[in-house]
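Here the structure is laid out as structure tokens; the discussion comes afterwards.
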Amino acid sequence: MTGLRERLGLRFPIVQAPMAGGVTTPELVAAVSRAGGLGSLGAAYLTAGQIAEAGAAVRALTDRPFGVNLFVPESLPEVTGAEVAAAVADLSPLHAELNLPPPTLPERVREDFAAQFRAVLELRPTVFSFAFGRLGMTEMTALHEAGILIIGTATGVQEARALASDRVDAVVVQGGSAGGHRGGWMQDELADTLALTRAVVKAVHVPVSAAGGLMDAAGVRAVLDAGADLAQCGTAFLRASEAGTSAPYRAALAAARPGDTTLTRAFSGKTARGLANRVTAEVGYPLPFPLQNALTRDLRAAAARTGRAEFLSLWAGEGAHLGRAGTAAELLVGLWP
Ligand SMILES: Cc1cc2nc3c(=O)[nH]c(=O)nc-3n(C[C@H](O)[C@H](O)[C@H](O)COP(=O)(O)O)c2cc1C
């Protein structure tokens, strides 16, 4: 048993990655934690009230430890009217195919981070993790005082060093093959997961959880041998029966072949990895994050309702073709037999 695994009382050295956008339902989080991994709720797109509700729903299903994850907000980007018009014109033909009017930028482009953070403190999950930057000292202190284990996200050694100097309890290192958004904030070298794990384990004295392309026991074993305490798997849980993954998204994952993922800013304005589709191919003028995310909300919702995977964000890592369907507990055992 290694440090983090022991501290969290885990039977499996595996974290089910937080996945914002409806994938990590309370049922999935609880099922993973109950089976002996660490379930994590991706709460970045939830309101404070929804975080409290989802947390209570997890607790009603298990008393095992679980994590909650948020995105650290950057200052809102300034955009010109011409840039908004270009992004709207870009999306309008796709909207027309779904019988939607052209998109408009809503008043509220992201959730209120301070309120989300207060909801997390009140909920007091065992673990709080975050991506896209560093927390302020006030937030770090509040989490430490609440006894919540703090995990930051790094895509490179420099970011890991910055997080360690902020006194996080652990660092998730995210290799370039990972599904979903790139979680760092400095220059991203899209590093190989194993190489990054080795480099960060050597560079910092905090425990490391490794993420990116870990789809089977051999992958998990390799990052643990490289010095990681835990393996964080996202794509491997997308087809879990308890996950909130929509039917067209599941079908696209089941049909995925090697090389089908791409890095794109088309959906949110921030680089993320997912299965290539018409949006990743046709949208060329995205607004910066989180504006584009707000601008594509209606398109994504309508696509999910009508089963049109070609207009959905299909976040997935390079190992998507190796994914399996099953219960969360079955998938967990497959990752650590
Ligand atoms: C659908 C999806 C959504 C994700 N959402 C988040 C998120 O909300 N917060 C976060 O820190 N990481 C998020 N990630 C990234 C994961 O934490 C992790 O780095 C990644 O899943 C690991 O690579 P893998 O998908 O190859 O296992 C997401 C990944 C996916 C696939």
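The values are calculated or read from the model by the stated rules, or taken from the named source; none is laboratory data. Please read these numbers as outputs of a predicted model, since none were measured by experiment. Because the Cβ atoms are built from the backbone with ideal geometry, glycine has one as well, and the counts that use them run over all protein chains shown. Heads up: the accessible areas ignore ligands, DNA and RNA and are worked out on the full protein's heavy atoms, side chains in. Shrake-Rupley method; radii C 1.70, N 1.55, O 1.52, S 1.80 Å.
Shown for segment 116-266: the carbon plus sulfur share of the solvent-accessible area, taken with all protein chains present and a 1.4 angstrom probe, equals 49%.
Counting 0.36 nm for each residue step from residue 166 to residue 85 and taking away their Cα separation leaves a gain of 25.1 nm.
Does segment 195-337 come out rounded, prolate or oblate, given a ≥ b ≥ c as the square roots of the eigenvalues of its C-alpha gyration tensor, rounded meaning a/c under 1.5 and, failing that, prolate meaning a/b above b/c? Note, shape of segment 195-337 comes out oblate.
With an a/c value of 1.5 or above and a/b not larger than b/c for the gyration tensor axes a ≥ b ≥ c computed over the alpha-carbon atoms, segment 86-235 is described as oblate.
What the Cα atoms of the chain give is an Rg and a Dmax of 18.8, 56 Å. Under a 5 Å amide H cut-off, with hydrogens placed 1.01 Å from N, residue 14 pairs with 38, 231 among residues at least 5 apart or on other chains. Rounded to the nearest 20 debye, the dipole magnitude of the chain is 580 debye, with +1 charges on Lys and Arg beta carbons, -1 on Asp and Glu beta carbons, and the Cα centre as origin.
Close amide-amide hydrogen proximity is noted between residue 129 and 68, 69, 70, 151, each under 5 Å apart and 5 or more residues distant or on a separate chain (H modeled in the peptide plane; Pro and chain starts excluded). Counting Lys and Arg as +1 and Asp and Glu as -1 over every other residue whose Cβ lies under 15 Å from the Cβ of residue 109, the net charge comes to -2. Segment 75-97 and segment 232-283 have Cα centres spaced 23 Å apart.
Taken per residue, the accessible surface of segment 212-337 reaches 38 Å², heavy atoms only and a 1.4 Å probe.
Here segment 296-320 is scanned for amide nitrogen atoms under 12 Å from the site 7 Å beyond the Cα of residue 255 along Cα-to-Cβ, giving 308-311. Result for the chain in a Gaussian network model with C-alpha springs under 10 Å: among 190, 253, 312, the largest mean-square fluctuation is at 190.
Rounded to the nearest 500, the 222 nm mean residue ellipticity of the chain from helices alone is -11500 deg cm²/dmol, with -39,500 (n - 2.57) taken per DSSP H run of at least 4 residues. Sorting the segments 268-275, 142-149 by their residues' average number of neighbouring beta-carbon atoms within 10 angstrom, most packed first, yields 268-275, 142-149. Using a simple spin-label model with pseudo-atoms 7 Å out from Cα toward Cβ, residue 47 and residue 75 lie 2.9 nm apart.
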